[in-house]
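Visitor: Below you'll find the structure I mean.
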Amino acid sequence: MSGTLHIGVGACRGVSPEEVISLVERTLREAGADGAAIAALVTAEVKADEPGLLAAAHHLGVPLTSYGPAALAAQPVPHPSEAARRATGAPGVAEAAALLSAGPGGVLLVGKRKSARATCAIACTV
């Protein structure tokens, strides 16, 4: 696995750090990307102050960055969600945030994965 990873996350208010970390680690294993370089944990602007996401970013040793609803809505995603649209104004958070963070030419390595209160997707800068 080469390239830098950009981990997009969406979450319900009050999600625990443990749930986010577990989901991210499971998704990294699925991608065959254990130990790969991670650029950032990325989410929707409205979730940028979520304690569970901040703690997960700290655990991973990366910044938590965010995008506003217009940027997220402009990014096509393969698995849109009505719940995400209601919460953020965009059809997806995890996939859109990961792809936006990876920038032009970034590819979705793992599409949206879910836990009870969070979603995760991984994009790669190649």
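Visitor: Restricting attention to segment 79-106, which residues are open to solvent by 40 Å² or more (accessible area, probe 1.4 Å) and either among the polar types (S, T, N, Q) or modelled with pLDDT under 95 (or both)?
Guide: We begin by selecting, within segment 79-106, every residue open to solvent by 40 Å² or more (accessible area, probe 1.4 Å); these are 79-80, 82-83, 85-87, 89, 100, 104-105.
Selection gives HIS79, PRO80, GLU82, ALA83, ARG85, ARG86, ALA87, GLY89, PRO104, GLY105.
Visitor: Are any residues in segment 74-126 assigned to a loop (DSSP other than H, G, I, E, B) and not small (Gly, Ala, Ser), and if so, which ones? Working first, answer last.
Guide: Applying the first criterion (assigned to a loop (DSSP other than H, G, I, E, B)) to segment 74-126 yields 75-81, 89-93, 103-106, 115-117, 126.
Answer for segment 74-126, where residues must be assigned to a loop (DSSP other than H, G, I, E, B) and not small (Gly, Ala, Ser): GLN75, PRO76, VAL77, PRO78, HIS79, PRO80, PRO91, VAL93, PRO104, ARG117, VAL126.
Visitor: For segment 109-120, name all the residues that are open to solvent by less than 60 Å² (accessible area, probe 1.4 Å) and closer than 15 Å to THR4 by Cβ.
Guide: In the first step, residues of segment 109-120 are kept if they are open to solvent by less than 60 Å² (accessible area, probe 1.4 Å); the result is 110-112, 115, 118-120.
Listed by number, the list holds a single entry, VAL110.
Visitor: (1) open to solvent by 40 Å² or more (accessible area, probe 1.4 Å); (2) part of a strand (DSSP E or B); (3) small (Gly, Ala, Ser): which one isn't true of GLY14, the others all being true?
Guide: Failed condition: (2).
Visitor: Looking at segment 55-73, which of its residues are of a type in the set (S, T, N, Q) and either free of Cβ contacts under 8 Å to residues at least 24 places away in the same chain or open to solvent by less than 20 Å² (accessible area, probe 1.4 Å) (or both)?
Guide: Initial filter on segment 55-73 (of a type in the set (S, T, N, Q)): 65-66.
Across segment 55-73, there are no qualifying residues.
Visitor: Which residues, counting only those in segment 26-54, are out of contact with any helix residue (DSSP H, G or I) (no Cβ under 7 Å at 6 or more places or on another chain) and open to solvent by less than 70 Å² (accessible area, probe 1.4 Å)?
Guide: Scanning segment 26-54 gives THR27, LEU28, ALA31, GLY32, ALA33, ALA36, ALA37, ALA48, GLU50.
The values are calculated or read from the model by the stated rules, or taken from the named source; none is laboratory data. Predicted model only: the values in this text are computed from it and were never measured. All Cβ positions, even for glycine, are placed from backbone atoms using ideal geometry, and neighbour counts span all protein chains on display. We work out accessible area using only protein heavy atoms, side chains counted, and drop any ligands, DNA or RNA first. Shrake-Rupley method; radii C 1.70, N 1.55, O 1.52, S 1.80 Å.
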